[in-house]
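The structure appears right after this line, and notes come after that.
The values are calculated or read from the model by the stated rules, or taken from the named source; none is laboratory data. Please read these numbers as outputs of a predicted model, since none were measured by experiment. Backbone-built Cβ (ideal geometry, glycine too); neighbour counts: all protein chains shown.
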Amino acid sequence: MKAAYIQKNGEADQIKFGDLKTPQIDAHEVLVKVQAVSVNHVDTFVRSGGFKTKLSFPFVIGRDAVGTVVEIGSKTRNFAVGQRVWTHSMGYEGRQGTSAEFIAVPESRLFLVPEHVNPLELVASVHSSATADILLHSVLKIKQKQNILIEGAGGHVGSKLVTLASASGLDISTTSNLSDFAYLKKLGAKQTYNYQDPVNRINDQFDYIIDTSGKVSLQDNLDLLGLNGQIVLITSPNDNQFNFRVKSFYMARQSIKGFVISHATLEELQSSAHHLNYFFNRGLLLDDELFILPLKKASFAHEMLEAGKEHRKRIVLTPNDCRLNS
């Protein structure tokens, strides 16, 4: 089979495209013929070695995929040949990735594609949507009618956070580029603020703040947080440093949490997948603009992502000449 893979960690030019053996499945695995894979920043971190995880070489890159079941293991009970399926947790912790014509996926990490959902739109969405879902429901454990500030809401994760927070009955405020205001209000934001303005101009206090940008002072965010409030960081400032006033922080019983989806538990990933399929089936979370490339362009795709090109679009690779309406 054809695959995009590396023989060692390094720059994007380490990615090779060529023949590898089609994987053999065990009793609890499913062999999937891949239709499309998405390319996310985390893929570049794994490839470069920036994110430390167990790999076996040659290592097939990629984490998310959508495709069709072609073979099931002897102890697999939940899938049948011919079904369309997706996964979002391959390519790390010793598991081979998804950028190949065929992949062997543990049954526990595989989910059905809802009927009538475009598979390419789905695979483009799952990384940011699962991140948003786990943040809200497993990390913050949100409650209805509380208020949340989502910073950097115009980005991929930010917009998914707005959609899911709105569905959960939260009062949503956002920071973003002015050009994103109408889009975010359509998704459910009540108040929209220009991200270029200092956040200390915001007069509200929040139960939850999620910083997707790393560009806001931690103390400024804590000043916007109410009693028992929680902040989640999913990135860091360029200098990797934050300062804050400790006394007011602990006296207000506030908390600071960090999150990366690579450390989500299997139970969290499974729960998020069921939530996402519920929304996918209703046509939500599927509005990303796609940039589709053939799988053989995987190295180029990584270079584009690291250079910030097509940053408003989601890069999707296809082993064959798939189209958006396929």
| said: Can you say whether F102 is in contact with a Pro (Cβ under 7 Å, 6 or more places away or on another chain) and under 16 Å from A3 (Cα atoms), as far as the supplied structure shows? | reply: yes
Scanning the range 225-239 for residues that are at pLDDT below 95 and of a type in the set (V, I, T), the one nearest to G214 (Cα to Cα) turns out to be T235
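Each row is one residue, and each column tells you yes or no for (1) part of a helix (DSSP H, G or I); (2) touching a Phe, Trp or Tyr at 6+ places or on another chain (Cβ under 9 Å); (3) not hydrophobic (A, V, I, L, M, F, W, C).
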{"residue": "G91", "(1), (2), (3)": "no, yes, yes"}
{"residue": "P114", "(1), (2), (3)": "no, yes, yes"}
{"residue": "A130", "(1), (2), (3)": "yes, no, no"}
{"residue": "H137", "(1), (2), (3)": "yes, no, yes"}
{"residue": "L164", "(1), (2), (3)": "yes, yes, no"}
{"residue": "G169", "(1), (2), (3)": "no, no, yes"}
Per the list (1) assigned to a strand (DSSP E or B); (2) in contact with a helix residue (DSSP H, G or I) (Cβ under 6 Å, 6 or more places away or on another chain); (3) closer than 22 Å to H274 by Cα, residue check on A4 breaks on (3)
For the range 93-107, the count of residues that are within 20 Å of the chain's Cα centre (by Cα) and in a loop (DSSP other than H, G, I, E, B) equals 7
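Here is a yes/no grid of residues against (1) hydrophobic (A, V, I, L, M, F, W, C); (2) in a strand (DSSP E or B); (3) closer than 12 Å to V123 by Cα:
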| position | (1), (2), (3) |
| --- | --- |
| D43 | no, no, no |
| T53 | no, no, no |
| V69 | yes, yes, no |
| V85 | yes, yes, yes |
Exactly one of F79, F45 is farther than 20 Å from E267 by Cα, modelled with pLDDT of 95 or more and of a type in the set (F, W, Y), and that one is F45
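Yes/no per residue for (1) outside the structural domain of K313 (by TED's automatic domain parsing); (2) surrounded by fewer than 24 Cβ atoms within 10 Å (Cβ to Cβ):
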residue	(1), (2)
G94	no, yes
A100	no, no
H137	yes, yes
K141	yes, yes
V157	yes, yes
D180	yes, yes
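Every residue, every condition in (1) surrounded by 20 or more Cβ atoms within 10 Å (Cβ to Cβ); (2) free of Cβ contacts under 8 Å to residues at least 40 places away in the same chain; (3) farther than 29 Å from A153 by Cα, yes or no:
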| site | (1), (2), (3) |
| --- | --- |
| V60 | yes, no, yes |
| G73 | no, no, yes |
| V81 | no, yes, yes |
| S89 | yes, no, no |
